[in-house]
Amino acid sequence: MAVPERRTDIGPPHYEQFLPPVIKKNYGKWKYHERLSPGLMVHVAESGDKLYTIRVASPRLLATDTIREICEIADKYCDGYLRFTSRNNIEFLVSDESKVEPLQNELKERGYVMGGIGPMVSNLVHTQGWVHCHGAATDASGLVKAIMDELFEYFTTKELPNKVRIAIACCVNMCGAVHCSDIALVAVHTKVPTIQHERVKDMCEIPTTIASCPTAAISPDPAKKSVKIKEEKCMYCGNCFTVCPAIEIKDPDRDGVAVVVGGKVGSLRSNPKFSKMVIPFISNDPPRWPKAVAAVKLILETYAKHARKHERVGEWIERIGWERFFSLTGIEFTWQHIDDFTFARETFRTAATFKY
Amino acid sequence: MSKKYETPLLDELEKGPWPSFVKELKKAAEKNEMAADELGQLEKSYKTKLGYWKHGGIVGVRGYGGGVIGRYSSLPEEFPNVAHFHTVRVNQPSGWFYTTEALRMICDIWDKYGSRLTNLHGSTGDMILLGTRTEKLEDIFAELSSRGWDLGGSGSAMRTPSCCVGPARCEWANIDTLEITYQLTQEFQDELHRPAYPYKFKIKVAGCACDCVAAIARADLSIIGTWKGDIKIDQDEVRKYAEGGMNIQEEIVDMCPTGCMSWDGNELKIDNQECNRCMHCIAKMTKALRPGDEKGVTICVGSKAPIVVGAMLSWVIVPFMKVEPPYDELKELIRNIIDWWDENGKPRERIGELIERLGMRSFLEYVGLPPVPQQVKEPRRDPFWFFTEEDIQKIKEREEEEKKTGQYKF
């Protein structure tokens, strides 16, 4: 069959054609919502109309046959309407209350996991990892699976002081809000990259490569028509590798993940915050990364035990102090914790008030 | 018939209660040889702890410079069916709403031309169709675009704008995030499809300060819904929360960052002049409290991930702006912002980094925005600053005026 005529610069289809009738009718006129369970909420409009949302976890990586199955369910209970969230959840939109329970039953039977609404761990935001990225220093999907198998009940049933947003990035480019998440893992390298000098002249632009280094560790090497790296200045960010494929930074024994905590994007109570590094390196240990999983669980459960209601991880830590965070979790404080990069001076303590 | 690989390591990730991406890979691999080789190569990565994807080459569809991420296996002899494994970014509809009919149509196209694997969705918001060959790209694009779908952004270009669920299903939405996102996406089609910028430029639109799309952290231009005027209080509903077991003093009043609330056991009072609209009380008592009536946006610029000199959050440049269709004022402001960056930015320099390099004043003056205290957390602390001749002239003129009137103006 012939391929149809292409069109360009038409942009995405207008969203209105995908909105269920109850949303079209009550667009911008919602009055309030209630969380009925970790996987179910109802939005009530000023007109009195109700819309039930059932939230289901997805692994983000979906086969088309799974999408077809999701569609089949949405046809049966939601008149063919559904949406996805910014954290890779599927939301079934139900306007007929009598269909809520049968839908929940069918989802359960088919093995779907409902939850993530309210003071819970929602689904993880993550990157491609070894599944599809050229720069990955770990596999994000595997870490997500291993972590959420362990934290499963915090998605489905077990409440926390407030929501906890976990993210995973497979390199420091952080295609995901790792830098502002409650708990996050970011994959890091720990070794100065090697240079295949004979390939540099064919594959790389030397000025761009030099400019790519945030610590000015790269300089020209005219004799080799290449570049050289001052080892003591390199912080293994990998930006040179991104612009110059002849530079290799990946190393199976020296790549792994760091743990960062305390970030948030919302402005509720306190301003948005950056995540801060608390564990500088855990070696890659596929398929289940047991030490990285244990680290996330330790931090989550220390927070659950000590934080006040409505406090996010970062708010709890700021109230008690970072030094208390280290004593409560038992995490070792090392040279890597003291900043020596761009914003270092803002992080040193300037008062004799602290705890142990 | 696709090749069957032994995957003992990945098989471990089929176990456990959380949905398994390995099951998805296997499901696709049963019917598709690209997906089968993807699975085989991933198992090898799990064994060696190394990735095997090469840098993207220049691939795409005719007339576009973005929307397709070139991806090649570095082991094409071992895994020939992923020798090419390009990603197609499809611009999602605002708010990620779909009909099953639309999703099935996308699946049909992908089953025919691609790997049967997808991401719903990628980090920027696009639908990600994961893995196809160069020679299939034109057909995929024709199939998609003839049915009303277009590619998203990639490379040094405007990236696909995205937004929260907004007024479609949220009582806190101060603005029509879906329509703003749609309108901006349409406005910048050329910039989205033909990379001509120093680096990427992301736009995200959040309906309120809860920021469910991480606009403040993940967008070069963050548009966040806000309001002016008093928070609307339904005192009966407040009392119902108290009766229902909420400790209003501890959970609401004491957690208010500005201390602008009080509760006497019967009535909740808010000193609205002191409220900074953080959303805590409204989010916790959604039946009782609602944002004020005068709606608009706060506009911030500059947030990004750590590469190159550290992560940044967006900075407030416009505290409050009314926005209404067709959003001409907003579009013009964004064009000015991008012009300044495009004119002055070095390759791979994001707008936040450029503002640091050339100064906030240089940026704000070009864009035509005045200095206001809402743009800073605090004024400068060290006694070094620039004056232009005009700045001094203004001060001198004012002092002359003061001598005449005998009234000082600070």
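The values are calculated or read from the model by the stated rules, or taken from the named source; none is laboratory data. Only a predicted model underlies this, so the values are computations on that prediction, with no experimental measurement involved. Using ideal geometry, Cβ is built from the backbone for each residue, glycine included, and neighbour counts are taken over all protein chains shown. These accessible areas exclude ligands, DNA and RNA; they are computed on the full protein's heavy atoms, side chains included. Shrake-Rupley method; radii C 1.70, N 1.55, O 1.52, S 1.80 Å.
Each label point was placed 7 Å from the Cα along the Cα-to-Cβ direction; for B:D339 and B:K269 their separation is 5.0 nm. Between B:D328 and A:E318, the C-beta separation translates, for a Förster distance of 35 Å, into a calculated FRET efficiency of about 0.25.
Spin-label pair B:D236-A:K25: with each label point 7 Å from Cα along the Cα-Cβ axis, the two points sit 2.4 nm from one another.
Distant-in-sequence amide contacts of B:C212, defined by a placed amide H-H separation under 5 Å and a gap of 5 or more residues or a different chain, comprise B:G207. When the Cα centres of the range B:116-149 and the range B:283-344 are compared, how far apart do they sit, in Å? First find each Cα centre; the distance between them is then 30 Å. For chain B, the 222 nm mean residue ellipticity estimated from helices alone, with every DSSP H stretch of n ≥ 4 adding -39500 (n - 2.57) and the total spread over all residues, rounds to -10000 deg cm²/dmol.
Modelled label positions at B:R380 and B:E101, each set 7 Å beyond Cα in the direction of Cβ, lie 6.1 nm from each other.
In sequence order, the range A:130-138 has phi-based couplings of 5, 4, 7, 10, 6, x, 5, 9, 6 Hz under the Karplus curve 6.51 cos²θ - 1.76 cosθ + 1.60, θ = phi - 60°, and Gly or Pro positions carry x.
Here the translational diffusion coefficient of the range B:165-206 follows from Stokes-Einstein with Rh set to the Kirkwood radius across Cα pairs; for 4 °C and 1.567 mPa s it amounts to 111 µm²/s.
Comparing Cα centroids, the range A:181-244 and the range A:85-157 end up 37 angstrom apart.
Net charge dipole, chain A: roughly 860 debye, given to the nearest 20, about the Cα centre with Cβ charges of +1 for Lys and Arg and -1 for Asp and Glu.
Karplus-derived 3J(HN,Hα) values for the range B:259-264, using 6.51 cos²θ - 1.76 cosθ + 1.60 with θ = phi - 60°, are x, 9, 10, 9, 9, 9 Hz; glycine and proline are entered as x. Size descriptor for the protein assembly as shown, Kirkwood hydrodynamic radius: 27.2 Å (Cα pairs only, one decimal). Counting Cβ atoms of other protein chains within 10 Å of each residue's Cβ and taking the mean over peptide A:120-126 gives 1.
Ignoring the sites themselves, chain B has its longest run without trypsin sites (Lys or Arg not before Pro) in a DSSP loop having at most 11 other Cβ atoms within 10 Å at B:63-376. Summary of the geometry: the range B:245-267 and the range B:358-373, compared by the centres of their Cα atoms, lie 38 Å apart.
A Cβ-based charge dipole, computed about the Cα centre of the protein assembly as shown with Lys and Arg at +1 and Asp and Glu at -1, lands at about 1120 debye. Working note: Debye formula, equal point scatterers on the alpha-carbon atoms of chain A, no solvent; log10 I(q)/I(0) at q = 0.06, 0.13, 0.14 Å⁻¹ is -0.30, -1.11, -1.20.
The region of chain A that goes longest without hitting one of the GluC sites (Glu not before Pro) in a DSSP loop, each with at most 14 other Cβ atoms within 10 Å, is A:206-331. Residues whose amide H falls under 5 Å from that of B:E294, counting only those 5 or more places apart or on a different chain, are B:K228, with hydrogens built in the peptide plane.
Accessible surface of A:I195, taken over heavy atoms with a 1.4 Å probe and every protein chain present, rounds to 40 Å².
At q = 0.16, 0.18 Å⁻¹ the log10 of I(q)/I(0) for the range B:20-77 amounts to -0.64, -0.76, computed by Debye summation with a single uniform scatterer per C-alpha, solvent ignored. Semi-axes of the equivalent ellipsoid of the range B:140-224 are 24, 17, 9 Å, computed as sqrt(5λ) over the eigenvalues of the C-alpha gyration tensor in descending order.
Mean partner shielding of peptide A:176-183, defined as the number of other chain Cβ atoms within 10 Å of each residue Cβ, is 5. Under the Kirkwood approximation applied to all pairs of distinct alpha-carbon atoms, what is the hydrodynamic radius of the range B:263-310 in Å? The answer is 14.3 Å. By a 1.4 Å probe calculation restricted to protein chains, B:E401 has an accessible surface near 100 Å², given to the nearest 10. Pairs of lysines in the range B:225-300 whose Cα atoms sit within less than 15 Å of one another amount to 7, provided the residues are eight or more positions apart or on different chains. The fraction of Cα-Cα pairs per 10 angstrom bin, counted from 0 for the range A:1-126, comes to 11, 39, 34, 12, 4, 0 percent, rounded to whole percents. Per residue, the Cα convex hull of the range B:17-148 amounts to 133 Å³.
From largest to smallest, the equivalent ellipsoid semi-axes obtained for the range A:68-156 from the alpha-carbon gyration tensor read 28, 16, 11 Å.
Binning the C-alpha pair distances of the range B:258-410 at 5 Å intervals from 0 yields a P(r) profile of 2, 6, 11, 14, 14, 14, 13, 11, 8, 5, 2, 0, 0 %, listed from the shortest bin outward. Roughly what percent of Cα-Cα pairs across the range B:178-333 reach past 22 Å? Roughly 51 percent, rounded to a whole number. Over the range B:82-220, the Kirkwood radius and the radius of gyration, each from Cα atoms, give a ratio Rg/Rh of 0.98.
Note down the net charge around A:K201, summing +1 for each Lys or Arg and -1 for each Asp or Glu among other residues with Cβ under 15 Å from its Cβ. The answer is 0.
In terms of modelled amide H atoms, which long-range or inter-chain residues lie less than 5 Å from the amide H of B:I317? Answer set, sorted by chain and number: B:I299, B:C300, B:V301.
At q = 0.09, 0.11, 0.12, 0.14 Å⁻¹, work out log10 I(q)/I(0) for the range A:207-356 with the Debye formula, treating every Cα as an identical point scatterer and leaving solvent out; two decimals please. Summing over Cα pairs of the range A:207-356 leads to -0.42, -0.60, -0.69, -0.88.
Rounded to the nearest Hz, the phi-derived 3J(HN,Hα) couplings of the range B:388-394 under the Karplus curve 6.51 cos²θ - 1.76 cosθ + 1.60 (θ = phi - 60°) are 8, 4, 5, 4, 5, 4, 4, where x marks glycine and proline. Using every pair of distinct Cα positions in chain B, the Kirkwood expression returns a hydrodynamic radius of 24.8 angstrom. Note on A:A223 and B:H55: with the Förster distance fixed at 25 Å, the Cβ-Cβ geometry gives a FRET efficiency of about 0.40. Ranked by solvent-accessible area (1.4 Å probe, protein heavy atoms only, all chains present), the residues A:C237, A:C180 order from largest to smallest as A:C237, A:C180.
By the Cβ distance rule (another cysteine Cβ under 4.7 Å), the unpaired cysteines of chain A are A:C71, A:C78, A:C133, A:C170, A:C171, A:C175, A:C180, A:C213, A:C234, A:C237, A:C240. For chain A, what does the accessible surface come to per residue with a 1.4 Å probe? Please give it in Å². That works out to 41 Å² for each residue.
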